[in-house]
Each structure stands twice: as C-alpha cells, then as structure tokens.
Amino acid sequence: MSTSKPINHELEKNMEVISQLDDIVGEAVDTILVDPDDCWQPSDFLPDFQNPEVFEEVKLLQKRAEGIPDTVLTSLIGNMITEEALPSYQTYFNLLEGINDERSLLNPSGWVRWSKSWTAEENRHGDLLNKYLYLTGRVDMNAVERTIHRLITNGFDPKSESDPYQAMIYTSFQERATKISHVNTGKLADKAGDHVLSKICKTIAGDEARHEKAYKTFMSKIFEIDPSGAILAFEKMMRKQIVMPAVLMGQGGSNPSLFEQFSAITQKVGIYTGWDYARIIQHLVDHWKIEALTGLNDVAAKAQDYLSNLADRYMRLADRMKAPDEVQLAWLK
C-alpha cells in the first residue's frame with residue numbers, strides 16, 4: 001500500500017508562483033529592510049550602564065512609568081510577549097511550501113534571506129520592550145517570563161495550511177494589526193506622560209509599517225499573476241478569521257484564559273479593537289483592488305462578492321460589541 005501524500009495541484013501552482021517572486025523578495029531585503037549597522041537598537045532608548053549617572057536615568061524612567069495606567073501597562077506586556085515568540089514565527093515561515101525547499105537557513109534565495117532578515121528586525125522589538133518593562137519596577141517579570149516560555153513551548157498556528165498565499169494574507173493583516181496596536185499604545189503612553197515609551201512604541205510601529213508594506217507588495221504580485229488563486233486564499237483566511245500570534249500564551253498553564261484577558265484590555269482601552277479588525281479588512285480589500293478584479297473563475301467571483309462586503313459585516317459586529325466593564329490584570333506586581 002502506498003503511503004505517499006496525494007498531489008495537491010492548487011498548492012503546487014501556488015509554489016510555482018511563489019518561486020517567480022524570489023527576485024522581488026530579495027530586492028525587498030535590500031531596499032525595505034535595514035542593514036544591522038544602520039538600524040536602531042534597543043540600547044538607543046534605554047539607560048546606558050556605562051554612564052556613571054545611569055541610576056539617575058533609571059529613576060527618571062521609573063518616575064515616567066509611574067503614570068502609565070495598569071491597563072495600558074498590561075497591554076504593553078502582552079504586546080511584548082507576542083514579539084518575544086519569534087522562534088515560532090521564523091520556523092513557521094520556513095515551513096511554508098515553496099519558501100525553503102532545501103530546509104537550509106544558508107539558502108541564498110530571496111525568500112530565505114527575507115525570513116532571516118525580517119525576524120532579525122522583529123527580534124529587537126521584544127528585546128527593547130522586555131528591558132524597558134523590567135526597568136520600570138512595576139512588572140512581575142517572573143510571571144512574564146513564564147508566559148513567554150509557555151507561548152514558545154505551545155507554538156503557533158495561523159491556520160494557513162502551509163499555503164504561501166494564505167501566509168502572505170496573514171502576515172499582511174498581522175503586520176498592520178501590530179502596527180496599530182503599537183501606535184495606539186504610544187499615544188496612551190504620551191498621554192500618561194512617558195514620552196520615551198511613546199517614542200519606543202512609535203519606532204516599533206515604524207518597523208511594522210515597513211514590513212506590512214513588503215508583505216502587501218508580495219501579495220499584490222500574486223494577485224497580478226494568479227488573481228483567482230489569490231482571492232480564494234484571501235477568502236479562506238478571512239472565513240477562518242485571523243488568529244492572533246499570542247493566542248496560545250495561557251494554554252496548559254494555571255490561567256488558560258490569559259490571552260482572552262489581554263484581548264479584553266486592548267479592546268477596553270482602545271489599543272486594538274473589533275473596529276480595527278474591520279478597518280484592516282477594508283484596507284486590504286481596497287489595497288488589492290478586490291472589487292475591480294476581472295477574469296476570475298466562478299468560484300473566485302463568489303469569493304470577490306464575499307470579501308467586498310466583509311468589512312461592513314465586521315463593523316456592524318464591532319458596533320454591537322460592548323467593552324468589558326471589568327478587566328482582569330495580569331503580570332503586574
């Protein structure tokens with residue numbers, strides 16, 4: 001009896017299209033991402049321990065952080081934990097069909113270069129936020145570290161079925177969502193009087209904006225080459241809904257509802273809401289000109305109708321969604 005997998009012709013076609021984008025992706029590494037020697041680093045925003053006056057700098061950091069509301073600080077911690085799970089994200093990217101067939105991180109292809117350089121840039125985000133939160137003195141870092149440990153242990157499944165098309169949809173959406181979350185956190189930090197944290201959040205959001213631009217560009221090329229396949233992948237991801245990267249942060253632990261508590265806080269304080277989810281859908285529909293696509297097969301044409309009306313449906317849901325009256329805080333002293 002044969003144990004070989006049945007051939008998935010749709011996935012094979014998607015892999016062929018992905019291979020056609022390799023030069024474009026390689027160019028994005030050189031033009032959208034930033035060389036490590038020129039990139040900002042976490043130490044640019046933190047007290048300098050080579051400075052004899054460093055403990056005065058730490059006291060000033062802690063003084064500024066005193067005014068940050070517990071809800072905003074908890075949301076910031078959740079964002080940081082999400083950023084710290086990078087091992088799962090890089091592994092996920094390299095397991096996509098057609099991205100790294102050699103299964104070698106020394107592969108010189110554009111896609112493999114992108115996966116390494118992208119995650120290298122993202123790695124600074126968790127490093128910076130982790131150190132900042134540690135220095136505030138307001139955070140139970142042991143609890144935070146256990147959450148990070150558990151999240152990486154539990155892994156990551158965006159439900160993209162190893163399909164590179166669906167993965168590009170997911171990353172386009174997720175990079176924009178992360179950008180929005182950091183921008184809104186920065187605004188609340190500024191309001192609370194911590195201008196340094198505000199600058200940190202806005203700087204991280206700037207990275208996310210560049211990454212969002214790249215993934216949307218990759219997906220735009222896929223739409224040009226294979227509009228029916230691209231729109232069907234978009235529909236699949238949206239019917240499954242976009243799963244947030246940190247959704248498994250509490251699974252298997254003493255507080256399995258940890259992610260739901262974090263999400264309730266971001267909804268309550270306006271850092272990331274149901275309205276944001278709906279607006280991201282509309283942004284992607286507009287950016288990829290979904291309603292104007294032509295030459296679609298019958299199934300893809302139905303997907304076009306579904307996607308064209310989807311943001312309105314989610315906006316109505318968001319309008320009916322009530323922010324929780326009470327939220328449970330985590331990770332604070």
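Each reported figure results from applying straightforward, stated rules to the coordinates on display, with no laboratory input. On a predicted model such as this, the values are computed, not experimentally measured, just so you know. Using ideal geometry, Cβ is built from the backbone for each residue, glycine included, and neighbour counts are taken over all protein chains shown.
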Q) Taking residue 59 as the anchor, which aspartates and glutamates have their alpha carbon closer than 20 Å to its alpha carbon, excluding any fewer than eight residues away along the same chain? A) 44, 48, 70, 140, 190, 194
Q: Quickly rank 172-183, 263-274, 14-25 as a protection proxy: mean count of other C-beta atoms within 10 Å, highest first.
A: 172-183, 263-274, 14-25
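For the chain, calculate the relative contact order in percent as a whole number, restricting contacts to Cα pairs under 8 Å that are 6 or more residues apart.
It comes to 23 percent, rounded to a whole number.
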Q) Between their Cα atoms, which of 187/221; 116/202; 131/216; 199/240; 202/268 are more than 28 Å away from each other? A) 187/221; 131/216; 199/240
Q: Could you calculate the contour length gain from residue 241 to residue 101, that is, 0.36 nm times the residue separation minus the distance between their Cα atoms, to one decimal place in nm?
A: 47.6 nm
Q) Of 233, 307, 45, which is farthest along the charge dipole of region 14-320 in the positive direction, counting Lys and Arg as +1 and Asp and Glu as -1 at C-beta? A) 307
Q) For residue 332, which sequence-distant residues (separation of 5 or more, or a different chain) have an amide H within less than 5 Å of its own amide H, given hydrogens modelled in the peptide plane? A) 140
Q: Would you work out which of 188, 246, 296 lies farthest towards the positive end of the dipole of the chain, given +1 charges on the beta-carbon of Lys and Arg and -1 on that of Asp and Glu, about the Cα centre?
A: 188
